[in-house]
Amino acid sequence: MPLVTTTEMFEKAYKDGYAIGAFNVNNMEIIQGITEAAMEEKSPVILQVSAGARKYARHNYLVKLVEAAILETDLPIALHLDHGENFDICKACVDGGFSSVMIDGSKYSFEENIALTKQVVDYAHSKGVVVEGELGRLAGIEDAVNVTDEDAQFTDPAQVEEFVSKTGVDSLAIAIGTSHGAYKFKPGQKPRLRFDILEKIQQRLEGFPIVLHGASSVPQDKVAIINQFGGAMPDAIGIPEEMLRQAAKMAVCKINIDSDLRICMTAAVRQHLAEHPDHFDPRQFLTPGREAIKQIVAHKMRDVLGSSNRL
Ligand code: G3H
Ligand code: 13P
Ligand code: ZN
């Protein structure tokens, strides 16, 4: 099976009230952990690559590793550029074998965002690749885009129809209170998502797939393991999984999760090395690291997103 776009995945997810997980990949063990989970859960999956991942692992390695995962699993996998900053990186990924790209024009004015997004859509669609746009700003740190809490700006439902019709995007990332990274809410702060905004957007764009970024839940048991074995992560709260379940039943068809995978993999590696101080073969500590990725992804698919048994 070749790489697929997200079109059919989103149509089914919208109709049946679940979401597809989009997990960030940076190396072989992460790709294997995610795709082994997807195979066991019989779940469609989106593997996404940030500019930082392309810099770290390099484009061709990531594309070839994903091709290898398809050979091994025969799963419908979409390969997606996460937070494309400009036309050039989107074009490089369209030309370089991706089936989906995100152009993140959220830091620009509404008009500039439309113009840039449309340029990417015109090119990507001519090559059979789908495009995710973004309207509204997330709090926290985006790849190469710094947005402070004060600047956080929820998506304005009054703008979404014009944005979608003028750009021709295939899906839309919105800001309703999620944020990137492992420190979303301080301890004691009550996590809150603006479901009222999501509902308004859903009414205006009936049947159109919505994307949620910054959707990690920051598992406290794994943070405790990291800190028990020499780590120093501050206390923080993520997005409650119950809220993600609710969003997945609504118009949200793609939910982006990266930090939770990082935390789970790091906890497993730290614990392994602390318990086996004599180990120095990377395969010894990357094996539990890969298994931790598999466990957290299977949990998200089965217990949060509702994407298990949807092939
Ligand atoms: O939204 C950002 C993703 O978590 C990717 O992070 O730029 O560190 O690869 P990165
Ligand atoms: P988290 O940092 O919450 O995992 O979000 C990841 C993301 O949105 C990638 O685009
Ligand atoms: Zn993101």
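Read-outs: derived from the displayed coordinates by stated rules, not from any lab. A quick note: this is a predicted structure, and the numbers were derived from the prediction, not measured. Here the Cβ positions follow ideal geometry from the backbone for every residue, glycine too, while neighbour counts run over all protein chains shown.
Please list, ordered by chain and number, the residues whose modelled amide H lies under 5 Å from the amide H of ILE20; skip anything fewer than 5 residues away on the same chain.
Amide H to amide H, under 5 Å and 5 or more residues apart or across chains, ILE20 pairs with LYS254, ILE255.
Using only the alpha carbons, work out the radius of gyration and Dmax of the chain in angstrom.
18.5, 60
Can you give the charge dipole size of the chain about its Cα centre, rounded to the nearest 20 debye, using +1 on the beta carbon of Lys and Arg and -1 on the beta carbon of Asp and Glu?
It comes to approximately 260 debye.
Please find, in a Gaussian network model of the chain (springs between Cα atoms separated by less than 10 Å), the residue of ILE174, ILE210, ILE114 whose mean-square fluctuation is greatest.
ILE114
By average Cβ neighbour count within 10 Å, what is the ranking of 180-186, 255-261 from highest down?
Result, highest mean first: 255-261, 180-186.
Using a simple charge model, +1 on the beta-carbon of Lys and Arg, -1 on the beta-carbon of Asp and Glu, nothing else, what dipole does the range 167-215 show about its Cα centre, in debye to the nearest 20?
The calculation lands at about 380 debye.
How large is the Kirkwood hydrodynamic radius of the range 92-243, counting all unique pairs of alpha carbons, in Å? Display every interim value, and only then the final one.
Details: mean 1/r = 0.0596 Å⁻¹.
It works out to 16.8 Å.
In the range 79-138, how does Rg compare with the Kirkwood Rh, expressed as the Rg/Rh ratio over alpha carbon atoms?
Dividing the radius of gyration by the Kirkwood radius yields 0.94.
Could you list LEU212, LEU3 so that the one with the fewest beta carbons within 10 Å of its beta carbon is first and the one with the most is last?
Neighbour counts put them in this order, fewest first: LEU3, LEU212.
Tally Lys and Arg at +1 and Asp and Glu at -1 over the other residues with C-beta under 13 Å from the C-beta of PHE87: what net charge comes out?
Net local charge, PHE87 excluded: -4.
If you build the convex hull over the alpha carbons only and average its shadow over all orientations, what do you get for the range 171-311? Give it in nm² to one decimal.
That works out to 9.6 nm².
Per DSSP H run of at least 4 residues, take -39500 (n - 2.57); add these up for the chain, divide by its residues and hand me the 222 nm value, nearest 500 deg cm²/dmol.
Mean residue ellipticity at 222 nm (helix-derived): -14000 deg cm²/dmol.
Hey, how many Å between the Cα centroid of the range 167-239 and the Cα centroid of the range 64-136?
21 Å
With only Lys, Arg, Asp and Glu charged, each at its Cβ (+1 for the first two, -1 for the last two), find how big the charge dipole of the range 1-48 is about the Cα centre; round to the nearest 20 debye.
140 debye
Would you calculate the separation in nanometres between label points at LYS127 and THR7, each defined as 7 Å from the Cα along the Cα-to-beta-carbon direction?
The answer from the label model is 1.7 nm.
Give the separation of the Cα centroids, the range 265-280 to the range 1-51, in Å.
28 Å
In this model, which of LYS127/LYS294; LYS91/LYS184; LYS190/LYS222; LYS166/LYS186 are farther than 28 Å apart at the alpha-carbon?
Pairs exceeding the cut-off: LYS127/LYS294; LYS91/LYS184; LYS166/LYS186.
Ignoring solvent entirely, what values of log10 I(q)/I(0) come out of the Debye formula for the range 226-304 at 0.14, 0.15, 0.22 Å⁻¹ when each Cα is a single scatterer?
Evaluating at q = 0.14, 0.15, 0.22 Å⁻¹ gives log10 I(q)/I(0) of -0.57, -0.63, -1.04.
Run a plain Debye calculation on the range 210-265 (Cα atoms as equal point scatterers, no solvent) and give log10 I(q)/I(0) at q = 0.14, 0.16, 0.23, 0.29 Å⁻¹, rounded to two decimals, same order as the q list.
So the normalised log intensities work out to -0.42, -0.52, -0.86, -1.15.
From the P(r) of the range 11-54, could you give the percentage of C-alpha pairs in the tail past 11 Å?
Summing the P(r) of the range 11-54 above 11 Å gives 68 percent of all pairs.
Mind listing the phi-derived Karplus ³J(HN,Hα) values for the range 121-127, rounded to whole Hz, using 6.51, -1.76 and 1.60 with θ = phi - 60°, and x for any glycine or proline?
Result, ordered by residue: 4, 4, 5, 4, 5, 5, 10 Hz.
Restricting attention to the alpha-carbon atoms of the range 1-138, what are Rg (one decimal) and Dmax (integer), both in Å?
14.7, 44
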